[in-house]
Amino acid sequence: MAKYKVTRVNPEEYKQKILALWEKNLPTTKKERFDWLNSNPSGPAIWFLAFHNKTNEIAGCISILPRIMSLNGKTIRAGILGDFMVDIKHRVFGPNILLPKTCLMHQRELGFDLIYTIPNNDSKKIIQRAGFKYMGQLFYMVRPIRFEKYSNILGIRFIAPIINHLLRFLTLDFSTFIGKTIFQEEIRIDDSFNALWVYIKNRQTGLIGNHSSEFLKWHFFQNSIGNYRILTNRRKTDGRLCGYIIFAVTNNGLEIFDIICLQMSLAKGLINKVVEIAQREKCKAIYCTVSEKSPILNILRILFFFDSKFPMEIYTNAQNNFFSETFIFFAADRNI
């Protein structure tokens, strides 16, 4: 007889017990994240808990966060698997595999077209044994701004100013956008973000996450985890939104979380403006997570971003290889 049973629960009824698991296993997680997950405009997080059959003690938990996506212009419903925790008392012969496997068993009744996850090294084998397959690699790209702060190589501080100025010159933007558009930081998301998303969605080939105004407001500006900022590019003539970058500055580093624009040449201009912000605010480096198939990856390489070699992989249960071959992924496609 199985020692554990996994049950879908009402998260509000078990909120304090889930928070207790976080505090014990993920102590850096803010408790405000729980309410944020459950206020998702695509639907609240779906929670499963593992109970010990004899003691009814909670042995672990897992969640699925709904994520609306577009596949060649067609709307699909994905789920992001996360918050996978098994209490230390139950990790040996516990519900490790049972938790993610139960989520896959309930996929159809929950209305998901696919479920994906980004496991850490400790849970990767468990995810594979539960039925998830490798979908693709993620690249955590890094662009040093101040080499004297970023590198420990002996003597680098003497030549770092030269390297910093050389990189700044080599990435100057001489595109046709200069003079015709305005780059500026904005403090709110208006209807023009929806208009841009609809335009891109109807022309995008492949799999891309929803970027509606409603999603952006929730994911970034109702999120207590980071102090997010948004840099836009608009036409001077009519104020039409052409593209934007969402980023945050923390711990002397600047991290890019999302990039959406009409043309890849504009992406270069937006990233260069973010480089200027990072230089002005004395950041040591810029970081950006992208998928292998994202066209932004080549732009980042041109602008002297390099692969940090930080291991990140996406796993999914989707049988269609087209998902993995075309997924344009950003940090906005995570459940954090």
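Structural remarks
- Positive-pole candidate from Ala285, Tyr228, Asn210, dipole of the chain, charges at beta carbon: Ala285
- In the list (1) 1.07; (2) 0.99; (3) 1.15, the label attached to Cα Rg over 2.2 N^0.38 Å as derived from the coordinates here is (1).
- Residue by residue, region 85-92 carries 3J(HN,Hα) couplings of 9, 10, 4, 4, 5, 10, 6, 8 Hz when phi is fed to the Karplus relation 6.51 cos²θ - 1.76 cosθ + 1.60 (θ = phi - 60°); x denotes Gly or Pro.
- Vicinal HN-Hα couplings computed from phi for region 125-142 (Karplus, 6.51 cos²θ - 1.76 cosθ + 1.60; Hz; Gly/Pro x): 5, 5, 4, 5, 5, 6, x, 7, 10, 4, 9, x, 8, 10, 10, 9, 8, 10
- Counted charge near Leu65, where neighbours are those whose Cβ lies closer than 10 Å (Asp, Glu -1; Lys, Arg +1): +1
- Gap separating the Cα centres of region 76-151 and region 30-49, nearest whole Å: 17
- Spin-label model distance (nm) - Thr205 vs Asp191, 7 Å beyond Cα toward Cβ: 3.3
- Distant-in-sequence amide contacts of Glu313, defined by a placed amide H-H separation under 5 Å and a gap of 5 or more residues or a different chain, comprise Leu138.
- Summing Lys and Arg as +1 and Asp and Glu as -1 over all other residues whose Cβ lies under 11 Å from the Cβ of Ala332 gives a net charge of 0.
- Using R0 = 45 Å, the C-beta based FRET efficiency linking Ile302 and His106 works out to 0.55.
- Among the DSSP helices (H) of the chain, those spanning at least 18 angstrom by Cα along their long axis with an average Kyte-Doolittle hydropathy of 0.0 or more are 156-170, 264-280; this is a geometric and hydropathy rule only.
- Given charges at beta-carbon only (K, R positive; D, E negative), |dipole| of region 4-131 in Debye: 340
- Value at 222 nm in deg cm²/dmol, rounded to 500, when DSSP H runs of n ≥ 4 in the chain each add -39,500 (n - 2.57): -8000 deg cm²/dmol
- Across region 31-43, computed HN-Hα scalar couplings (Karplus, 6.51 cos²θ - 1.76 cosθ + 1.60, θ = phi - 60°) run 5, 5, 4, 4, 5, 5, 4, 8, 10, 4, x, 7, x Hz from first to last residue, x flagging Gly and Pro.
- Placing +1 on the Cβ of every Lys and Arg and -1 on the Cβ of every Asp and Glu, with no other charges, gives the chain a dipole of roughly 440 debye about its Cα centre.
- Max mean-square fluctuation residue, GNM over the chain, Cα-Cα springs under 10 Å, options Met135, Met105, Met312: Met105
- Comparing Ala20, Ala45, Ala285 in a Gaussian network model of the chain, where Cα atoms under 10 Å apart are tied by springs, the biggest mean-square fluctuation is seen for Ala20.
- Neighbourhood net charge (13 Å Cβ-Cβ; Lys/Arg +1, Asp/Glu -1) for Gln107: +2
Every number in this text was worked out from the coordinates using simple rules, so none of it is lab data. On a predicted model such as this, the values are computed, not experimentally measured, just so you know. Methodologically, a virtual Cβ is constructed for each residue, glycine included, from the backbone with ideal geometry; neighbour enumeration extends over all protein chains shown.
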